Structure formats: C-alpha cells, structure tokens
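S.K.: Here's a structure for you.
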Amino acid sequence: MAGPRVRFAPSPTGYFHVGSARSALFNWFVARQHDDGVFILRIEDTDTERNREEWVDGILSAMDWLGLDLDEGPFRQSDNQAQYATSVAALNGGGYLYYCDCTGDDVAKRKGDNKTPGYDGFCRDRGLDQGPLTALRFKTPREGVTTVPDLIRGDVEFANATIDDFVVAKSSGAVLYALANVTDDRNDRISHVIRGEEHLSNAPKQMMLWEALNDALHEDVALPAYAHLPLLVNEQRKKLSKRKDPVATESYRDQGYLPEAFVNYLALLGWSPRGDEEIVPLATLIEQFRLEDVSHSPAFFDVKKMAHMNGEYIRSLTPEEFLAQSAPWVNPWSSAWRPTDREPGWSEDQFDEALYAKVAPLVQERVATLGEIPAMVGFFFSDGVSYDETAFAKSVGNDPLGQTLLAVAVERFSDVDWRADALHEATIEIGEALGLALRKAQAPIRCAVTGTLVGPPLFESLELLGRERTLQRLRDALARSSQ
Ligand code: GLU
C-alpha cells in the first residue's frame, strides 16, 4: 500500500492560530511515519475579502519555524479555478445541482418562526435557468443517514434531513469552500483529512459531493479517512477565542519559545505519548503518534504548562546553543531574524557580546522564555539603572537600614577581592553587623545595582559588572534615596 497523502489546508485570514499549528503538526506526523508519506500544504485563499498575502507569509514562516517541511506545495486554491469549474459543470450535468435566486431575506420571511437552520429548498423543483442572480445549490438527499467514519470519534451519523441544500457556487461563479476543498482533496488523492472539530459538520456534505463527483465524472476516487481533532479550550473550558486568548503562533515565536518545545507541547493537545514523560524527543512523537489514540474531549491549551516546558527545553541547551538561540532578543542587530516589537532596552553600541557570553549561563537557569532575558540582563548593558519604584522604596527609599547598608557596602566593596564568593562573604558580614539575614542584606544592593529585587544571582552578577560600575550604582542609589 502506498503511504498516506495528507494535507494541511489553512485559510489565510489571520494570525496562524495554535489550533491550526496543531492540525498541521498531526498531519505532518502521519506523513513522516511512513517513508513514502506525503505532506501537502494547500492555501485556501478563495475568500478574497478576508485573505491577505501577509497571512500567507505568516503561515509559511511559522511552518518553517516549526520544521514542518513539505513534500508538495504550497498549492493555492486561487490557481485551481479551472478544476472547480469542471466540478461544477460535472455536478450540474449529472443533475446534482439546481439554480436558486432566493435572497437571505426571502428565505427568512418564508420560514417565519420556523427556526430550522439553513435553506428551505424553495427552488429545488422550480427548474430555474442560470441567471445573473442565481446561485447553484446541491440537492441533498431528504431521507436516510450519512455516516462519517471518523478515526477519532468512530461513526458519526448525520440525518440527511438536517443537511440543507447548501450553495456550491455563488451567482458570481465563485465556488465555495466545501466543493473547492473536495475537488482539491480528490485531485491530490488525499488519503486522510485531519482537521479541527469545527469541520465535522462539513464532512457529510463533503462525502456527498465526493460521491456525486465520482458518479458524474465516472471516476472511482476513494473517500479519505476522516479525523476531526478535539477543540482547544482555555482555562474556563471555553473554546479559545481569537480576540481574548493568546492564539497566534507568531506571538510565541516572538516571546522566545523554542520550536522544539512548542511542537512537543502542541503534540500533547489531545494526544499523549506512552509512559509518564511529557518531554519527549521529536522522533519518539512521530513514531508513537496514532490518530486512533487522539482523544475527542476538548484539550486545554495551558500556556503556563507550555512555558514551564519551554523552560525545561531552554535549560537542556548547551551554553553555545543558548547563546545562539537567545541572540535575536539580546543582539537583534546581528541576527537574521528578529522578534517583532521587542527591542532590547539597550543600543547596539551598548551591547557587549563577550560580557553577555559570561552572563548567559546565569539566566539560562532562570527563564521560561527567551523573551524574558532582556529585562533580566538589561542592567549590564544600559548606562543608568531604571528602577522599579516600588522595589526601590521598599528596599532603599523608605528604609534607613537599607541606606546604612548601602553606605557600608560602598566602603567594604572598595577593597574587597572582586570575586563572587568574596562579595558574598562581605555581604553576609555587613548584614550580620546590622542584624540582617543575607536575604535582607542583599535586597538594597540588588535594587541599587539592577533596579529590581529579582534577577540573576547577585554576586556572580556583581563580579561580571565590575567594581567601578557597582560602586557607582550603590552611590547613585544612596544619592537618590536622600532626594
Ligand atoms: N480552509 C479550512 C480552514 O482553514 C480547511 C478545512 C479543511 O482542512 O478541510 O479551516
């Protein structure tokens, strides 16, 4: 048997939704499980009002970032108009379609209080000819049941009476989603249609179209297997909202998620590898993935969990890899790619690459995303300190003991050996003399030097910052506290 032929078929109408990224990934898994599996990208760009070229670029670059390489495509539906016209002509010739000149208002008026959704079939037997305002509708069977054999959900039955005579081509001639999609799936010999659950209700219509085309074109193209992936939900267990939830894959790249971590997390949305481990190498994910094992209950898109996982991936990088991966956030001037709207808080001249190489191991242990690095290391590269006012007031401004401590530290640090361990010892001693535990004694120093109360390990940071700059900052903070 030939390997599976799968496709990812996004519509370029917005940011690359994490749900789309998961669909792309699961398709790609199925293709990559077989030596002769084929993964196709088809851009469904027939909705000219909502499509934008920049969204196509977003899809391509996000897939590239995630490493989802293609075997065929990208194809574009806008190039396939002739094939769609062939489908319409065949279906029309085969008696599967009829012309309809009803407006939405006409239908609403006729239906009155009858809330049955969809078209009421008014034109089905009117025998209208094509006219400037006639759409083409598909005559769905009035009786019987259409069963969608879904690899994830089992057999899903749809009573044909509930499926209205849907439009396949508008009066303008434009072919709508269901038929365009089926035409391409047939021509591309797609073996598995793997997509989000929101398309489950399209499946019976598409199966009807598929079989009608087989009949009208005297072909025998095998129906694909269907797999509708579970909905992604937020913390409130509501469907992820494009407006309210952070759903743009691009934004995760900009925040500094590693593609390996993002892929690993996406794989867990509705599926899990064998065993207890959730951090699993890509090759294992590919090998173990089975559509049949995907759950049909909604999957919680848990950003906190994903951030945690990303932190684990970051910590597993070698120091060299960490330097390379973090470069776009700290030194965008020398990087081929840079994150959108995320300038570091320093200039190209202020950035010191050699110093960053020494600082990097201190932050690699502490960040969940690469985008957190600039705020943590900014005090190394900017000339002055930008203070978190609350932190400053608490540790220095409103605390006479904090001020005394800084004054003593200026003295002691002037001739202490400039090494982390010696600075550590000196701070313990200064604290003891003032009756302060180390944690309390560190706070004013940290705030004076870095501007905040959280950050990389203090004494290693002071060693790297150097005596002159440290003393200057301690004095500046003291001066500031007495203003
Ligand atoms: N263009 C559709 C979408 O983006 C694809 C549906 C399908 O995969 O069949 O939702």
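FYI, it's all coordinate maths here, none of it is from the lab. Bear in mind that the values here come from a model prediction, so they are computed numbers and not experimental data. When we count neighbours, we look across all protein chains shown, and the Cβ atoms used for this are built from the backbone with ideal geometry, even at glycine.
S.K.: By how many nm would the segment from ALA393 to ALA407 lengthen if fully extended, with 0.36 nm per residue of separation less the alpha-carbon distance? All intermediate terms of the calculation are to be shown ahead of the outcome.
M.R.: Details: separation 14, 0.36 × 14 = 5.04 nm, distance 1.65 nm.
Gain on stretching ALA393 to ALA407: 3.4 nm.
S.K.: Does segment 276-367 classify as rounded, prolate or oblate by the C-alpha gyration tensor (a ≥ b ≥ c root eigenvalues; a/c under 1.5 gives rounded; else a/b over b/c gives prolate, otherwise oblate)? Before the final figure, lay out the partial values.
M.R.: On the way: a/c = 2.71, a/b = 2.22, b/c = 1.22.
Taking the square roots of the gyration eigenvalues as a ≥ b ≥ c, segment 276-367 is prolate.
S.K.: Then there's this: Which angle from 0 to 90°, rounded to the nearest 10, does the C-alpha axis of helix 303-315 make with the longest principal axis of the chain?
M.R.: 60
S.K.: Could I have the simple spin-label model distance between GLU343 and SER382, label points 7 Å from Cα toward Cβ, reported in nm to one decimal?
M.R.: 1.2
S.K.: For the pair ALA2 and LEU434, how long in nm is the line joining their label points, each one 7 Å along Cα→Cβ?
M.R.: So the label points at ALA2 and LEU434 sit 7.7 nm apart.
S.K.: Treat the count of other C-beta atoms within 10 Å as a stand-in for reagent exposure and order SER23, SER414, SER382, SER482 from fewest to most.
M.R.: Working: SER23 22, SER414 10, SER382 15, SER482 7.
Fewest to most other Cβ atoms nearby, the residues stand as SER482, SER414, SER382, SER23.
S.K.: Along the Cα→Cβ direction, 7 angstrom out, place labels at SER78 and ASP106. What is the inter-label distance in nm?
M.R.: Rounded to a tenth, the inter-label distance reads 3.2 nm.
S.K.: Let me ask you something else. FRET efficiency for LEU317 and THR48, Cβ-Cβ distance as r, R0 = 41 Å, nearest 0.05? Please list the in-between numbers first.
M.R.: Values: r = 44 Å, r/R0 = 1.07.
It comes to 0.40.
S.K.: What is the set of long-range amide H partners of LEU176 at a cut-off below 5 Å, with H atoms built 1.01 Å from backbone N?
M.R.: So LEU176 has HN proximity to ALA169, LYS170.
S.K.: Return the FRET efficiency for the residue pair GLU277, ASP352: r is the Cβ-Cβ distance, R0 is 60 Å, and the value is rounded to the nearest 0.05. Could you put the intermediate results ahead of the total?
M.R.: On the way: r = 39 Å, r/R0 = 0.65.
Once rounded, the FRET efficiency stands at 0.95.
S.K.: Let me see the P(r) profile for the chain: every Cα-Cα distance counted, bins of 10 Å, each bin given as a percent of all pairs.
M.R.: Spelled out per bin, shortest first, that is 4, 16, 21, 18, 13, 10, 8, 6, 3, 0.
S.K.: Sort ARG237, ARG22 so that the residue with the fewest other Cβ atoms within 10 Å of its own Cβ comes first and the one with the most comes last.
M.R.: Numbers: ARG237 9, ARG22 25.
Fewest-to-most ranking of ARG237, ARG22: ARG237, ARG22.
S.K.: Could I ask something else about it? What ranking of LYS115, LYS440, LYS109, LYS358 emerges when the number of other C-beta atoms within 10 Å of each C-beta is taken as an exposure proxy, fewest first? Intermediate results must be reported in sequence, preceding the final value.
M.R.: Working: LYS115 6, LYS440 16, LYS109 10, LYS358 13.
Fewest-to-most Cβ neighbours within 10 Å comes out as LYS115, LYS109, LYS358, LYS440.
S.K.: Further question on the same structure: Using the alpha-carbon atoms, what tilt in degrees (0 to 90, nearest 10) does helix 18-32 show relative to the longest principal axis of the chain?
M.R.: So the inclination is approximately 70 degrees.
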